[in-house]
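Right, one structure below, let's go through it.
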Amino acid sequence: MKKISLLLIVCTLNGAITAQTAEPFEAFIEGEKNAWLKAQAALDRNDLVSADNRSDIRYCRMHWTVDPAVKYIRGEVTTVFEPSESTGNLEFDFSAALTMDSIVFHDQNVPFSQNGDILTVQFPTVLPAFLPDSVTFFYQGEPDSTGFGAFQVDQHDGAPILWTLSEPYGAMEWWPCKQSLNDKIDSVDIFITHPSAYRAASNGLIAGETTSAGWTTVHWRHRYPIAAYLVCMAVTNYETFSLLAPFGGDTTPIVNYVYPEDWDHAQIHLAENVAHMQLFNQLFGLYPFQQEKYGHAQFGWGGGMEHQTMTFIGGFSWELLAHELAHHWFGDKVTCGSWEDIWLNEGFATYLTGLCYENLQPQWWYNFRQIRNNHVTSLPDGSLRVDDTSSVNRIFSGRLTYNKGALVLHMLRWVCGDSAFFAGVRNYVQDPALEFGYARTADLQAHLEAASGIDLDGFFADWYEGQGYPSYQITWSQDDDDQLKLTFHQTQSHPSVSFFELPIPLRLYGAGQEVSIRLQNSVNDQTHILGIDFKVDSVVFDPDLWLITRDNVVSQVTHTEEPGDSALQLRVEPNPVRNGQLQVAIYAKNEANALMAVETIDGKTIYSRFEPIISGQNLVSWDVAGLPAGTYFFSVKSGRQMARVSFLIL
């Protein structure tokens, strides 16, 4: 009897639904981060402080009444859930700033309690596990005034506007939900009632619209799983237009809600998103929400937010549009399973923006990587894993989450190879166990390992858990038989990583020829000897910017010696020179009184002195604090032996 009554409740709910249906880059990263700092400054939450995960949310029917001129919401939210265990209560995330008027279960009001922002619903009997049921929340109030936060009202060109923006912890600011990253809502129907002078944008497709007594109710229907923070609405005096993105014999509609004052500008720039979508379709599979739409809605700050099927944008920059669209594969279809792994959302979206440059505007591709590498290495520390998920500043770090995330993906492409990298990423985003659900970094690693056959444990230990980056000091020489000797010495910017094991890209020039090579650097001071069939004039380290590095120096070591004598060997540590102190390690076979000199790059002697050296290792120190930044040579001459090495002063 209990089972039959539960089925009737769900069927009645579905019947009601049917009846209703018949009726610039860095700038926008900073915009996102600053918005969240204002929004969440007082909240001090992390992704563990949330409602208990003791149910599977199957469906939500939301009905919100709002006026963009007034910061207030009236809500009725019906949630269909399936308990994962027998229970007499369930928890939901819900702001204490709002008023819960009543909660209805099986046509009866049920008791509830609130502890901070955790709302507990008490059921009259113990609910059995794995049997779907539903509860309806009736609430109202003024959401917390949190700057650019989860629920905001403002103006544009004199017209009022209301928008929501819930990532990472803001969904509960305006509706009762389960916002931890472990359960997506399978399907939603969203009804927004607003003054008839305006239009409302939201997730999915419009299924109906009615107007009465100066108020309009629009019904948006979305039939894909969705995380709570990706549910949205925006209301103002929008004008709308649509574009079509063709691909593989099909088209995806791009529906745009824009301010009247920006109509002409929007028409031009939003059309650029078509090429972005076609590229992502080609690389990662068809747009994930193809049965519905992609869309844009303008809102009140300079960044963007990848609300599922309806991105909110504060402008029309090329990078912003590419970045937010990319999230619909990486962030919406496959969502990070913890804010620790937000780089799986933001790093991918940033890198896909770079892929748009590589494929559509290649003249900017090198600059894209160089600017981000300079930003990532501007400080010596910082892991890709978010070590403090209560800090919104850390979650949305432009240097680490966005730019390091993007460049780590680029390095994975170099390590795995193009074919394996793109195959692994496609398999990741199309994995039936992950698509329209949640993923962690280990899931991406597993797919890249399967596609490439490479063990990536060390790579992820260094670049996901570890901090900092390597700097390389590479010396090379070539003998009369054209044997090229290359030695790699690496220093690390942070002690968390003792050595970054990577394949090193080099380009050799000489005799009118150019050869690119790849050499594995597995240990420090590793030497490779190669047979090269031309005289090498110069060696260039990482000419295509595959690696996250800084302050690298490549120097040719030359020496002359009498037959049977051993050449001198030199190494500058650290290189580049810091704090005005040049430290040189000199290796010699015999004791001698050697002439040492610091020279300009064109061979002019700046400092020189005689100094005794012993057989074996010698360490000497020179004060070069008075020299301007640039490249110099340090030379040692002992009898007929001479060695020379370059160093850099910053």
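Residues in segment 350-379 that are within 21 Å of F460 (Cα to Cα) and under 15 Å from the mean Cα position of the chain (by Cα): T350, Y351, L352, R369, R372, N373, H375, V376.
Could you tell me whether G116 is under 22 Å from N237 (Cα atoms) and either of a type outside the set (S, T, N, Q) or outside the structural domain of S180 (by TED's automatic domain parsing) (or both)? Working first, answer last.
On the way: under 22 Å from N237 (Cα atoms): no; either of a type outside the set (S, T, N, Q) or outside the structural domain of S180 (by TED's automatic domain parsing) (or both): yes.
Criteria not met by G116.
Hey, among S55, S84, S134, which residue is under 35 Å from the mean Cα position of the chain (by Cα), of a type in the set (G, A, S) and crowded, with 20+ Cβ neighbours inside 10 Å?
Details: S84 fails: crowded, with 20+ Cβ neighbours inside 10 Å; S134 fails: under 35 Å from the mean Cα position of the chain (by Cα).
When all the criteria are applied, what remains is S55.
Scan segment 46-54 and tell me whether some residue there is modelled with pLDDT of 95 or more and either outside any strand (DSSP E or B) or of a type in the set (S, T, Y) (or both). Before you say what the answer is, go through the steps one by one.
If we filter segment 46-54 for residues that are modelled with pLDDT of 95 or more, which is where we start, we get none.
Checking segment 46-54: not a single residue is modelled with pLDDT of 95 or more and either outside any strand (DSSP E or B) or of a type in the set (S, T, Y) (or both).
The single residue among V415, V392 that is at pLDDT below 95 and buried (at least 18 other Cβ atoms within 10 Å of the Cβ) turns out to be V392.
Only residues that are among the hydroxyl-bearing types (S, T, Y) and part of a loop (DSSP other than H, G, I, E, B) were counted across segment 320-344, and they come to 1. Applying a threshold of 6 Å to beta carbon distances and a minimum spacing of six or more residues, or different chains, the list of pairs starting in segment 326-348 at a residue that is of a type in the set (V, I, T) and ending at one that is crowded, with 24+ Cβ neighbours inside 10 Å and assigned to a loop (DSSP other than H, G, I, E, B) reads T335/A227. Filter segment 139-198 for residues that are acidic (D, E) and closer than 21 Å to H219 by Cβ; which is farthest from the chain's Cα centre (by Cα)? Once the filter is applied, the top-ranked residue is D189.
The listed residues are E91, E85, E167, and the only one of them that is within 25 Å of R440 (Cβ to Cβ), acidic (D, E) and assigned to a strand (DSSP E or B) turns out to be E91.
Per-residue answers, yes or no, for (1) within 21 Å of G303 (Cβ to Cβ); (2) in the same structural domain as R440 (by TED's automatic domain parsing); (3) of a type in the set (V, I, T); (4) outside any helix (DSSP H, G or I):
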{"position": "N359", "(1), (2), (3), (4)": "no, yes, no, no"}
{"position": "Q363", "(1), (2), (3), (4)": "no, yes, no, no"}
{"position": "F368", "(1), (2), (3), (4)": "yes, yes, no, no"}
{"position": "S390", "(1), (2), (3), (4)": "no, yes, no, yes"}
{"position": "N393", "(1), (2), (3), (4)": "yes, yes, no, no"}
{"position": "G405", "(1), (2), (3), (4)": "yes, yes, no, no"}
{"position": "S419", "(1), (2), (3), (4)": "no, yes, no, no"}
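Residue by residue, here is whether (1) surrounded by fewer than 24 Cβ atoms within 10 Å (Cβ to Cβ); (2) touching a helix residue (DSSP H, G or I) at 6+ places or on another chain (Cβ under 8 Å) holds:
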residue: D250; (1), (2): yes, no
residue: A275; (1), (2): yes, yes
residue: G300; (1), (2): yes, no
residue: Q308; (1), (2): no, yes
residue: L325; (1), (2): no, yes
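Selection within segment 184-241: residues that are among the small types (G, A, S) and outside any strand (DSSP E or B). The member of this set that is nearest to F330 (Cα to Cα) is A227. Checking G382, G347 one by one, the residue that is under 15 Å from the mean Cα position of the chain (by Cα), in a loop (DSSP other than H, G, I, E, B) and more than 21 Å from N203 (Cβ to Cβ) is G382 and no other.
The values are calculated or read from the model by the stated rules, or taken from the named source; none is laboratory data. Predicted, not measured: the structure shown is a model, and the values here were computed from it. Note: ideal-geometry Cβ built from the backbone for every residue, glycine included; neighbour counts use all protein chains shown.
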